[in-house]
Amino acid sequence: MIAAAMLDNLIRGMDTGQAKTLNLREGQVFQGRISELYPGQLARLQMGTMNLSARLEARLEKGEKYWFRVISGEKVPQLKVLESVPVNRPGSSPAAVTNVPAVLKQLGLPTDGLHEKIIRELIRVNLPFTRSNILQGAQLVKESALASNDSLNLITMMIQRGYPLTRTAFKALASVQSGKSTGETMVQLASALEKLPDSRAQHLQHILANISGRFSGFEKLDIFVIFKHLTGKDEEFREAAFKVLKKTGLINSIDSSIRFFTSFKDTVFNPANENMSGELWPDLLKSRQTALPLKNMDPKLLFSYLTDSLRGAPLQSVIQLLTLINPQASAGSIIASLSQWLASEPEDSTKGIWQLIRDNHSGNGMLMKEGKTPYPLKAFLDQLGLQHENNIRSGQLHQEKLRLNTLKAKLIQFLNQSHGLPQGIREQADFLLQRLTAYQLLSSDQQGPVQHTVFQIPVKLSGKYTDLTLQWQGREKNDGTVDDSHCRILFYLELETLRDTLIDVQIQNRIMTLTVYNESSKPASIQTVWFPLLKEKLASYNYQLSVIKWEKAKEKEGNRSTPAMHVNSLEYGYNGVDIKI
């Protein structure tokens, strides 16, 4: 599965060709080989591919492997050899190491198979660890619903990255291993929330519809095109627009457009809807002098006037408008129905308006079209709530409206305040919350000036949601923005025909090299059709496409076939070095 391949790569790190820095802390234990001995009880140790200098408390033999405990982790760490632990032969593999039970005994840990398994895995990847790492890790593996090897990989990654070995962090990262789609779960949860009367469910519905609407083929202007023709002069288009609104569920029992306009006017000026109407049209309805002429306006003209004023409004306002028009229907389900209608071949009576809307679509997707928003991708990540905790700490979420305007904030509020929820709804909301937390954890790794970000975008392809996983690594410039001239992006996709696909994009001085990893053979159309097209499109953004490579995926351990993940590192002007402490 693509999730397993992704996590496998995250454990290794994107820049696998670079040595990692090592900060030894008091209480850590590790196995190392003596490579050089110096006067004053100083020695050079080798731990995997890394070297470090340390002060020892005992005379040891050069070339032998020993187990060490860190007594002091200052400039020159002070190490103590674990007593009563037999010396291993140089070059022993983790599986051949016979002194692990003795190490467990020295640490006061149970000598059962699970604790030994964790230590052997940490030996394999050359990671120092503490006694609490083994205890907490073993407990998490026991409670985990994942396969044993997957749990061990996860524990290893958490220790390697310094994540807390807590149930919360483990559960969040384990959600990445799940085959469940983020986008599909969003749609299913939004649909299930329709049956709940709780206002918090409506708040969560709105933001789910907002996010899924970005990637379902729905665009804000689509609904306004329909509204425009509903009030237009062409009778054929008026009837077609009314049919589409009936089909999508925005209009239920009303049997004519005249009654619909009258109902809309009554709804806008209904005292019960004063707050929502005021939010949508604050400048039009905030004073009696302005509102009075509107109340006297013809219902059809009023509908045209008010809806047209929202054409440039954000998607959240469109969702509020749909909710105001028909509070019995979910805005998410209306958007989904409209998207489905747009994706399929309609009946003849609505084909004209369908073609108009299709012609207006540029095919770039909602993510790239946010009107005046200069950084639409950043706006999307902010809406997910990936900076939620950071904003709370920095005091940026003191206002209620700001604090609740992200998916993570609404999920937390919904789960904390909605008691007696159906089990399925709670599980779906909890899964989305864990996924968002996992993105935050996986994006927290920063090495020097190199930043690392992981997130998923729900994309609707062939009528079905899938997840586009992006793993981005690059430098931060002096002004705080990312350097888009030197970066690397990995796209993880699960496509209907090509199945698991990894696309590795490496950019140096705005020159792009693109490598596709897939089990299929390279299509002939890559060079003849897609390379020239992509080269032209990228040139319009001032990028030069150098080459498209196609690599067949390699078979991994356990006969599980996944995209080849062992990709070389980029030169970012920041390199790991052998450790000399």
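A short reminder: the numbers here are calculations on the coordinates, not readings from a lab. This one's a predicted model, so the numbers in the text were calculated from it and none came from an experiment. Here Cβ is always computed from backbone atoms with ideal geometry, including for glycine, and neighbour counts include all displayed protein chains.
Tabulated data
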quantity	calculated
Exposure proxy order (Cβ contacts within 10 Å, fewest to most) of K80, K65	K80, K65
Likely footprinting exposure, Y543, Y66, fewest C-beta neighbours within 10 Å first	Y543, Y66
Placed amide H near E26: partners under 5 Å, 5+ positions off or other chain	G73
Gyration tensor verdict on the range 456-538 (Cα atoms; rounded if a/c is under 1.5, prolate if a/b is larger than b/c, oblate otherwise)	oblate
Net charge of neighbours whose Cβ lies under 13 Å from the Cβ of S520, counting Lys and Arg as +1 and Asp and Glu as -1	-1
Space enclosed by the convex hull of the alpha-carbon atoms of the range 218-360, per residue, Å³	104 Å³
Net +/- balance of residues flanking T185 in space, Cβ distance below 11 Å, scoring K and R +1, D and E -1	-2
Fewest-first sequence of Y517, Y38 by Cβ atoms within 10 Å of each Cβ	Y38, Y517
For I254, net neighbour charge (Lys/Arg +1, Asp/Glu -1) across residues whose Cβ lies under 15 Å away	+4
Size descriptor, Kirkwood hydrodynamic radius, that averages inverse alpha-carbon separations across the range 93-200, Å	15.9 Å
Net charge dipole size for the range 22-159 [Lys, Arg +1 and Asp, Glu -1 on Cβ; Debye, nearest 20]	280 debye
Ellipsoid semi-axes in whole angstrom, largest first, where each is sqrt(5λ) of the Cα gyration tensor of the range 22-159	27, 15, 13
